[in-house]
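Asker: Pasting a structure here, questions to come.
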């Protein structure tokens, strides 16, 4: 049975109007239809955080978010984080702190960190750990990831 | 792809109720963090869904003039955790909200979904029980209000009829004023885990004595429960190490802990006894009382 719907959404500042299958996740539409392959498919059940994108500025697991729900929303993927060929402050902090190893968890973590810096709030060390806890890194790089996030938040706060 | 045959996205409660009464097979979907995983795992097939996401205002959190707090069923756990109303008046609910899943889950998962899927491990359930919360439910024949204590019908079952929608969680001022409390979620991991036991305590103290103690447990029986015997025992008792230890022992009596792969019955009962004590101890400290020692 075929069941399609038109949705309009903004991805990385660009407007898209596309027909999606009602059965599709936002992850599937972003990766397979719009070729934003920086959005990674990991566990598919909202546990690993690899598929994290920002929806209206908030990190959400796109694997358990229906594409039809994205109608009218502003989506940010890792492809939309750098501007004019320049890495964002978060990306630069990940590079400086060596927080990237295999890279599979990196897009999601950079997006979560971006939402933290954009929130304008201050975060204690414990709160930073809590806010990045929805991402699994199997290269065991959590210390460096934590350092990168802390660095960019500290720079922002001073 | 999810096994979805149809998804309705009404933009008002009236339309939603009409759709539900015309098609009783429609399954309500809120944040989707539970239902979509069931579909992924194949335990829910050929789903005909009714999404509440397009209905405006269903996530509002308000404090009415008489101090009654209403939480829209579509309020996310992140929204609850960040709400100044919740943090000021219902700090234990804020504590429970931030213990749910991880940040991305909390940005999608809703309090209404958490209650209506009937999970005994629902992090919000124990705390709402402890605050004597009520649920406002809308049907085609009007609205009704049910105490959350009467809402859970069995494992994964709630007293929600077909063509009914949970619209608000309501907490009256008498449920929270002059209280202090604590939620302890006990799980193997600090994040992204399901509770092995959830303990929520809300209490009032007067002149060194407990005047009102409400203790609720998640994952201690087939449904989230209150510990009536322990609460009765606590009332009027002096706040001391011995009383609080005794309250923990009484709390075990209300439970119907069982063996599961997550934890054994014996271990769960041990946890209830110890964690009720610890939650009470913390609640007393937060209420301006003294630290009475460790257990």
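Asker: Would you point out the residue of region B:1-17, among those that are in contact (Cβ under 8 Å) with a residue 12 or more places away in the chain and in a loop (DSSP other than H, G, I, E, B), that is nearest to the other protein chains (Cβ to nearest Cβ)?
Answerer: This residue is B:2.
Asker: Got a sec? Which of B:145, B:127, B:174 is in a helix (DSSP H, G or I) and surrounded by fewer than 24 Cβ atoms within 10 Å (Cβ to Cβ)?
Answerer: Among B:145, B:127, B:174, only B:174 is in a helix (DSSP H, G or I) and surrounded by fewer than 24 Cβ atoms within 10 Å (Cβ to Cβ).
Asker: Looking at region B:102-116, which of its residues are more than 14 Å from chain A (Cβ to nearest Cβ) and over 23 Å from residue B:272 (Cβ atoms)?
Answerer: If the condition is that a residue be more than 14 Å from chain A (Cβ to nearest Cβ) and over 23 Å from residue B:272 (Cβ atoms), then B:111, B:112, B:116 are the ones that fit.
Asker: Given the options A:67, A:99, A:93, name the one that is surrounded by 23 or more Cβ atoms within 10 Å (Cβ to Cβ) and within 14 Å of chain B (Cβ to nearest Cβ).
Answerer: Selected residue: A:67, the only one of A:67, A:99, A:93 that is surrounded by 23 or more Cβ atoms within 10 Å (Cβ to Cβ) and within 14 Å of chain B (Cβ to nearest Cβ).
Asker: With B:65, B:34, B:25 as the choices, which residue is over 24 Å from residue B:148 (Cα atoms) and outside the structural domain of residue B:200 (by TED's automatic domain parsing)? Spell out how you get there, then give the answer.
Answerer: On the way: B:65 fails: over 24 Å from residue B:148 (Cα atoms); B:34 fails: over 24 Å from residue B:148 (Cα atoms).
Sole residue among the options that is over 24 Å from residue B:148 (Cα atoms) and outside the structural domain of residue B:200 (by TED's automatic domain parsing): B:25.
Asker: While we're here: Of all strands (runs of 3 or more DSSP E) completely enclosed by region B:179-295, which ones contain at least 2 residues that are surrounded by fewer than 22 Cβ atoms within 10 Å (Cβ to Cβ) and touching a strand residue (DSSP E or B) at 6+ places or on another chain (Cβ under 6 Å)? Walk me through how you get there before you give the answer.
Answerer: Numbers: elements: B:180-186, B:197-206, B:209-218.
The strands (runs of 3 or more DSSP E) meeting that bar are B:180-186, B:209-218.
Asker: Moving on to the next point. Could you say which residue among B:72, B:79, B:32 is more than 14 Å from every other protein chain (Cβ to nearest Cβ), surrounded by 19 or more Cβ atoms within 10 Å (Cβ to Cβ) and under 24 Å from the mean Cα position of the chain (by Cα)?
Answerer: Only one candidate qualifies: B:72.
Every residue, every condition in (1) in contact with a strand residue (DSSP E or B) (Cβ under 9 Å, 6 or more places away or on another chain); (2) not in a helix (DSSP H, G or I), yes or no:
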{"position": "A:104", "(1), (2)": "no, yes"}
{"position": "A:118", "(1), (2)": "yes, no"}
{"position": "A:130", "(1), (2)": "no, no"}
{"position": "A:134", "(1), (2)": "yes, yes"}
{"position": "A:151", "(1), (2)": "no, no"}
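Asker: Tell me which residues, restricted to region A:45-67, are free of Cβ contacts under 8 Å to residues at least 40 places away in the same chain and either assigned by TED's automatic domain parsing to the domain that holds residue A:108 or touching a strand residue (DSSP E or B) at 6+ places or on another chain (Cβ under 8 Å) (or both).
Answerer: At the first step, the residues of region A:45-67 found to be free of Cβ contacts under 8 Å to residues at least 40 places away in the same chain are A:45-46, A:55-56, A:60, A:62-64.
Scanning region A:45-67 gives A:46, A:55, A:56, A:60, A:62, A:63, A:64.
Asker: (1) part of a helix (DSSP H, G or I); (2) within 14 Å of chain A (Cβ to nearest Cβ); (3) within 24 Å of residue B:216 (Cβ to Cβ); (4) touching a strand residue (DSSP E or B) at 6+ places or on another chain (Cβ under 6 Å): which one isn't true of residue B:99, the others all being true?
Answerer: (1)
The values are calculated or read from the model by the stated rules, or taken from the named source; none is laboratory data. If you're wondering where the values come from, they're calculated on a predicted model, not measured in any experiment. Neighbour counts run over all protein chains shown; Cβ positions are idealised from the backbone, glycine included.
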